[in-house]
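Novice: Here you go, one structure.
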Amino acid sequence: MSLLADPGAPFVAHDKAGFELVKSIPGDGHYFGLGDKFGPLDRLGRTYAMWNSDSYAYREGQDPLYKDIPFFIGFTGGAYFGMFLDNTWRTTFDFGHLDPGRLRIAAPDGPIDYYVMAGPTARDVEVQYAQLTGTPAMPPRWALGFQQSRWRYPTEKDLRGIVGRLRKDRIPSDAVWMDIDYQQKFRPFTVDPQAFPTFGKMVADFTARHMHTVAITDLHVAELPNAGYAPYDSGMAQDRFVRTADGKPYVGPVWPGPTLFPDFTQAATRAWWGGLYKGFVQQGISGFWNDMNEPAVFSYPTKTMPLDNRHRIDEPGFASRVATHAELHNLYGMQNQRATYEGVLALKPGERPFVMTRASYAGGQRYGVTWTGDNVSTWNHLALAVPMLESLGLGGFAFAGADIGGFAGIASPELLTKWYEVAMFTPIARSHADPWSHPQEPWADGKRHEDIRRRFIEARYRLLPYNDTLAEEAARTGVPMMRPLFMEFPATLIDGAPMDLASGSEFMWGRALLVAPAPAPESPGAYDVTLPPGEWYDYWTGRKVTGLQTLRVWGAGGSVIDMKDMDATTPHQVSVTPRLDQLPVYVRAGSIVPHQPLVQSTDETPAGPLQLDVYPGPDCHGSVYTDDGHSFAFRTGAYSRTDLTCTTGADDRVTVTIDRPQGTYHPWWTAYRVVVHGVSPLEGHAVNLDGHDIGAAPARPADRSSLAVTIPADGHRATLIVRKI
């Protein structure tokens with residue numbers, strides 16, 4: 001089978017330096033990826049540009065956006081493959097839009113340098129892509145918690161009030177973010193002493209309350225000669241800024257007014273930039289946020305610097321040369337994030353930096369996390385956040401989020417609540433909005449909405465052992481936390497195509513959980529959730545899903561085809577009627593999902609046993625991973641990973657095996673509470689632990705569908721057998 005067949009010449013030259021690659025699109029071809037593209041997951045029939053762009057309040061179909069990730073996963077013949085074009089110039093990908101049946105990739109300059117990953121599964125492709133471009137940076141554990149932000153917490157009093165309210169209302173949370181308000185006249189690496197008179201003490205007070213502080217540090221350095229502004233003075237003294245075509249330091253308008261832009265293609269410039277964080281790191285700032293780094297420049301139609309600006313490449317392992325901004329524009333944001341990440345790491349060796357960037361390129365996942373930029377408070381943006389985050393995950397950015405509630409515009413109470421619900425099953429859960437929006441904190445809109453939002457945030461914190469395990473898997477292998485269904489069910493097709501194309505807004509949260517928000521979230525009408533083959537459990541109740549329907553797909557001429565033969569390879573459907581306080585989440589049979597008692601922050605040690613929820617089924621397995629949550633000691637064995645398996649047999653027998661932990665780290669739990677779902681404790685069951693009978697009870701009062709037993713976690717292998725008597 002040919003994955004990327006050439007219908008004619010392998011490439012066509014254009015204008016001496018430019019080129020166009022032309023490949024055949026097979027009749028069953030589909031394409032996924034390219035980073036943050038705002039629209040359906042499948043790219044077939046559309047054209048996209050690779051050009052990092054400031055895109056405030058972007059709309060569906062608007063392109064390009066913030067990140068340039070020229071990598072996609074293709075599907076044909078029941079198998080998956082990948083293609084990465086390593087060309088930093090402005091590039092276009094046309095998936096049969098202008099010329100049906102042809103994949104056209106064109107660039108005005110640069111190398112014809114591309115890699116093909118043969119699969120055959122999407123997971124195989126993703127691992128190969130990570131081996132090529134790098135695995136995601138392992139974030140500190142607090143990054144998996146809930147985070148509150150807003151552009152326009154203008155004073156220290158306001159920010160303290162936010163932290164106080166989060167703790168008073170017992171809303172689990174781990175970080176509060178500072179946008180440009182805290183700076184003196186929007187100048188990076190400054191603090192407004194009038195608005196934030198006890199800045200260092202404020203950060204220390206937040207730390208004492210187990211709240212991490214994240215500060216924005218945009219890359220535009222204010223042009224302030226003879227004013228004592230250290231970033232400008234030291235940068236000019238060391239010649240650290242991008243130059244114009246005629247050799248002068250380039251000055252463009254951004255938030256502080258006239259500003260200069262560091263030339264991050266120089267290793268020495270990145271080291272200088274990283275050193276600027278020393279004061280903030282010493283004051284206890286936990287994370288940093290690089291915004292506006294496409295780079296965004298005001299007052300120009302292109303919203304960026306002139307393309308004939310000059311960068312001076314001076315990098316170990318590379319020939320020193322001068323390159324235009326046209327060549328390096330798409331790398332600029334990634335090199336900014338790299339400079340921040342490496343600088344913070346140098347200031348706190350051994351501690352995992354947290355750096356969020358808006359713009360990046362393939363490989364930028366090695367230097368931190370990202371988000372989907374200046375989204376909008378609309379139902380459409382909520383629905384399309386799912387494929388956008390899936391696409392970023394396919395492009396290597398396993399740790400990504402979308403601003404909860406939308407950044408621009410005004411979210412209705414119902415929209416904001418539904419957004420909180422979905423966001424708790426995404427890698428980064430940050431609430432953020434611009435100054436013109438209504439309040440979007442969890443308590444906005446009254447007690448009813450706050451209670452629902454709190455309940456879903458609490459669910460995220462109870463699921464932290466599972467999320468921690470997914471994060472480690474992503475950092476080790478490149479497989480994202482948030483996955484299209486085709487990554488877990490590559491052989492399950494609907495009408496010959498990956499089932500994601502028929503399943504609306506569903507996605508997998510790791511291997512075990514399927515999250516199914518409404519494809520039209522503003523509609524009160526019932527909708528069908530497409531479940532992959534096999535049995536499924538309701539995540540919230542632990543009960544097996546009933547009421548499964550024959551899968552219906554649309555045929556030619558608008559007819560409905562019933563897939564009547566529901567066997568082990570056939571998907572099926574269940575009807576859901578939307579409710580404000582519910583989000584359908586399902587667990588695939590054959591999963592073991594770890595949970596913990598509720599905490600108010602990831603710094604808090606849970607009180608009680610680690611819960612292992614067992615959902616019997618084929619190939620039943622899971623694992624639980626943990627480490628100290630902040631250092632790189634896991635690289636030398638200071639971690640704990642425990643493999644979990646279960647089997648079923650005659651007499652409704654369920655055997656659960658908890659292996660000896662791997663690694664030298666001692667986790668917080670001293671006991672396991674094993675909950676076996678689908679087993680009625682009221683029908684008479686014997687429970688045996690390593691040859692000894694022990695007692696069991698319903699998982700919940702009067703629960704007829706789940707059995708629970710608590711056993712020691714003493715570091716030894718344990719075998720638990722549940723059988724009917």
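What follows is calculated from the coordinates using simple rules that are stated; it is not laboratory data. These numbers were taken from a predicted model, which means no experiment stands behind them. Don't worry about glycine lacking a Cβ; one is built from the backbone with ideal geometry, like all the others, and counts go over all protein chains shown.
Novice: With r defined as the distance between the Cβ atoms of A686 and F632 and R0 fixed at 35 Å, what FRET efficiency is calculated, to the nearest 0.05?
Specialist: Here the calculated transfer efficiency is 0.15.
Novice: In which sequence would D451, D613 go, from the one with the fewest C-beta neighbours within 10 Å to the one with the most?
Specialist: Fewest-to-most Cβ neighbours within 10 Å comes out as D451, D613.
Novice: Now, a different point. Ranked highest first by average number of other Cβ atoms within 10 Å, how do 80-90, 64-74 line up?
Specialist: Ranked from most to least packed, the peptides come out as 64-74, 80-90.
Novice: Right, something else. In degrees between 0 and 90, to the nearest 10, how far off the longest principal axis of the chain does helix 464-477 point, with axes built from Cα atoms?
Specialist: Long axis of 464-477 versus the principal axis of the chain: about 60 degrees.
Novice: Follow-up question, since we're still on this one. Which label marks the calculated value of volume of the Cα convex hull per residue in Å³, given the options (1) 221; (2) 188; (3) 163?
Specialist: Structure-derived value, by its label: (3).
Novice: Return one number: the angle in degrees, 0 to 90 and rounded to the nearest 10, between the long axis of the Cα atoms of helix 447-462 and the longest principal axis of the Cα atoms of the chain.
Specialist: Around 80 degrees separate the two axes.
Novice: Given the Cα-Cα distance of T190 and I694 and 0.36 nm per residue of separation, how much length would full extension add, in nm?
Specialist: Roughly 175.2 nm would be gained on extension.
Novice: Further, regarding this structure: If you take every residue apart from L720 with its C-beta less than 13 Å away from the C-beta of L720, what net charge results, scoring Lys and Arg +1 and Asp and Glu -1?
Specialist: +1
Novice: Using packing as a proxy for protection, rank 657-668, 312-323 so that the peptide with the highest average count of other Cβ atoms within 10 Å comes first.
Specialist: 657-668, 312-323
Novice: Counting Lys and Arg as +1 and Asp and Glu as -1, what is the net charge of the other residues whose Cβ lies under 15 Å from the Cβ of T259?
Specialist: Surrounding charge for T259 is -1.
Novice: Then there is this: Between 0 and 90 degrees, rounded to the nearest ten: what's the tilt of helix 122-133 against the longest Cα principal axis of the chain?
Specialist: Taking the Cα atoms of the chain, the angle to 122-133 is about 30 degrees.
Novice: Can I ask one more? Sort 475-487, 453-465, 150-162 for me by packing, meaning the mean count of neighbouring Cβ atoms within 10 Å per residue, highest on top.
Specialist: Result, highest mean first: 475-487, 453-465, 150-162.
Novice: Then there is this: To the nearest 500 deg cm²/dmol, what mean residue ellipticity at 222 nm is calculated for the chain from DSSP H runs of n ≥ 4 alone, each contributing -39,500 (n - 2.57), summed and divided by the residues?
Specialist: The helix contribution divided over the chain gives -6000 deg cm²/dmol.
Novice: While we're on this one: Under 30 Å between alpha carbons, and skipping anything fewer than 8 positions from K201 in its own chain: which lysines qualify?
Specialist: K157, K168, K185, K278, K348
Novice: Filter K37/K67; K418/K544; K418/K447 down to the pairs with a C-alpha to C-alpha distance above 20 Å, please.
Specialist: Where the Cα-Cα span goes over 20 Å, the pairs concerned are K418/K544.
Novice: Could I ask something else about it? If R0 is 41 Å, what FRET efficiency do you get for Y114 and A607 from their C-beta distance, rounded to 0.05?
Specialist: For Y114 and A607, the calculated efficiency is 0.15.
Novice: First select every other residue whose beta carbon is under 12 angstrom from the beta carbon of Y461; then total the charges, Lys and Arg +1, Asp and Glu -1.
Specialist: Overall, the nearby charge balance is +1.
Novice: Taking the Cα centre of the stretch 608-724 as the origin, how large is its charge dipole in debye, to the nearest 20, when only Lys and Arg (+1) and Asp and Glu (-1) carry charge on their Cβ atoms?
Specialist: Using Cβ point charges on Lys, Arg, Asp and Glu, the stretch 608-724 gives about 40 debye.
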